[in-house]
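Asks: Shown below is the structure under consideration.
Every number here is computed from the coordinates shown, using simple stated rules; none is lab data. None of the values given here were measured: they were computed from a predicted structure. Glycine gets a Cβ as well: all are built from the backbone with ideal geometry, and neighbour counts include every protein chain shown.
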Amino acid sequence: MITNRKHLLGLEGMTSEEITRLLDTAESFKEVSERPVKKVPALRGTTIANLFFEASTRTRISFELAEKRLSADSVNFTVSGSSVSKGETLRDTAENIQAMKVDMIVIRHSAAGAPHFLASLLEASVVNAGDGAHEHPTQGLLDMFTLRERWGNFDDKKVVIVGDLAHSRVARSNIHGLVTMGVEVVVCGPPTLIPIDIERLGVSVETDLRKALEDADAVNVLRIQKERQAAGLFPSIDEYARVWGVNSRVLERAKPDCVVMHPGPMNRGVEIAHDVADGERSVILDQVTNGVAVRMAVLYLCSGGAAIESTEETEAAEAKAAKGKQVA
Ligand code: CP
């Protein structure tokens, strides 16, 4: 159960019950962001440090908002202006932050395994906000939350993930989560950007986007990192857009109600056409909205909060948390 997890390092190995409990808890927290006063006392007294060693817009703001809406105290760290620029190691930075009695650490780092390293080293709970090409578990969860919100459940669904599978932490977390929930996952992209053994994760491979999209219920479009072209992994941006770009023509192959997702930031006109990004099938901004609720649930559960399944239970938990703080 997620309630027993102190850290969220990845979706690999998480059970369907844990994922469901997490999504149910996020559903309860989503309502908080609709209130005039967008705040509950659930994490009052908890201190959280957001350590972003890599650029981020959505994830960083989303975690910060989630922390504020849970009444946590949070501090933000970015490499520029920190002692990392003077050569301080990750270990020393993290140990110094913990010495200031931080309870939870949210970390994004270019090195796969950096959150696991901190989790083995520190007393604080660690939440992975993206580690190299390994995992981006809260993105995977918010993508699943968005799909479940549309569909009600994951029964008999097919999701296509298209793009750079080899370097995508978003893809890896989505694959682990969706396969666990029983979803059929098809991956698609240039053969040079698909790991040769990816089928062992429970997905099938189809390099022809038209075939991959046959009867798809959702397509998750990955950002193409333009530096991969310089590395010779595909011939040109124009060719990528022509062969693997998701546009309204190719979407005709999918189910009429197929939803289009993108984790951002988007390269409009490359992996996704403008009209698709802004069209009625797009749930891209819903993903961003849902990210706050999902991160509230992750922080709450990793801090030891009991899982919540309904709004009444949210209110009861809030009342209990508020009473506990008064007593303390
Ligand atoms: N989806 C995502 O991780 O976006 P950011 O890099 O802006 O956080």
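Asks: For the chain, what relative contact order do you get, as a whole percent, if you take Cα pairs closer than 8 Å and at least 6 residues apart?
Replies: Values: 630 pairs, mean separation 77.7, N = 328.
This gives 24 percent for the chain.
Asks: Can you tell which of GLU199, GLU54, GLU88 shows the greatest fluctuation in a Gaussian network model of the chain with Cα springs below 10 Å?
Replies: With Cα springs under 10 Å in the chain, the top fluctuation among GLU199, GLU54, GLU88 is at GLU88.
Asks: Can you quote the Å³ per residue value for the convex hull of the Cα atoms in the stretch 157-265, rounded to an integer?
Replies: On the way: hull volume 10.0 nm³, N = 109.
Here the figure is 91 Å³ per residue.
Asks: Another question, if that's okay. Give the long-range amide H neighbours of ILE161: residues separated by 5 or more places, or on another chain, with amide H under 5 Å away, using H modelled in the peptide plane at 1.01 Å from N.
Replies: Under 5 Å from the amide H of ILE161: VAL186, VAL187, CYS188, ASN220.
Asks: What's the whole-number percent of alpha carbon pairs in the chain lying beyond 27 angstrom? Can you show the working numbers first?
Replies: On the way: 23610 of 53628 pairs.
Result for the distance tail: 44 percent.
Asks: For the chain, set up a Gaussian network in which alpha carbons nearer than 10 Å are linked by springs, and say which option among VAL79, VAL270, VAL260 fluctuates the most.
Replies: Result: VAL79 has the largest fluctuation of those listed.
Asks: Follow-up question, since we're still on this one. If I require 15 Å or longer along the helix axis, counting alpha carbons, and a Kyte-Doolittle average no lower than -1.0, what helices from the chain are left? Use full DSSP H segments. Write down the numbers at each step before the final one.
Replies: Working: long enough: 16-30 (21 Å, -0.58); 58-69 (16 Å, -1.08); 137-151 (21 Å, -0.51); 169-180 (17 Å, 0.07); 284-302 (27 Å, 1.23); 311-327 (24 Å, -1.05).
Once both thresholds are applied, what remains is 16-30, 137-151, 169-180, 284-302.
Asks: Which ³J(HN,Hα) values, rounded to whole Hz and listed in residue order, are derived for the stretch 41-48 from phi using the Karplus coefficients 6.51, -1.76 and 1.60 in 6.51 cos²θ - 1.76 cosθ + 1.60 with θ = phi - 60°, glycine and proline given as x?
Replies: My calculation for the stretch 41-48 gives x, 3, 10, 4, x, 8, 10, 10 Hz in order.
Asks: For a test of the definition: using alpha carbon positions, the gyration tensor, and the 1.5 limit on a/c, classify the stretch 12-82 as rounded, prolate or oblate.
Replies: Values: a/c = 2.04, a/b = 1.27, b/c = 1.61.
The shape class here is oblate.
Asks: Using the Karplus curve 6.51 cos²θ - 1.76 cosθ + 1.60 with θ = phi - 60°, what ³J(HN,Hα) values do you get for each residue of the stretch 270-283, in whole Hz, with x for Gly and Pro?
Replies: Rounded to whole hertz, the list is 10, 7, 9, 6, 3, 5, 6, 4, 9, x, 6, 6, 6, 10.
Asks: Let me ask another. What list do you get for GLU31, GLU271, GLU135 if you sort them by fewest beta carbons within 10 Å? List each step's numbers first, then the result.
Replies: On the way: GLU31 13, GLU271 23, GLU135 28.
By the 10 Å Cβ count, ascending: GLU31, GLU271, GLU135.
Asks: Now for a separate question. At each listed q (0.23, 0.28 Å⁻¹), what is the log10 of I(q)/I(0) that the Debye formula gives for the stretch 201-270 modelled as equal alpha-carbon point scatterers?
Replies: -1.16, -1.37
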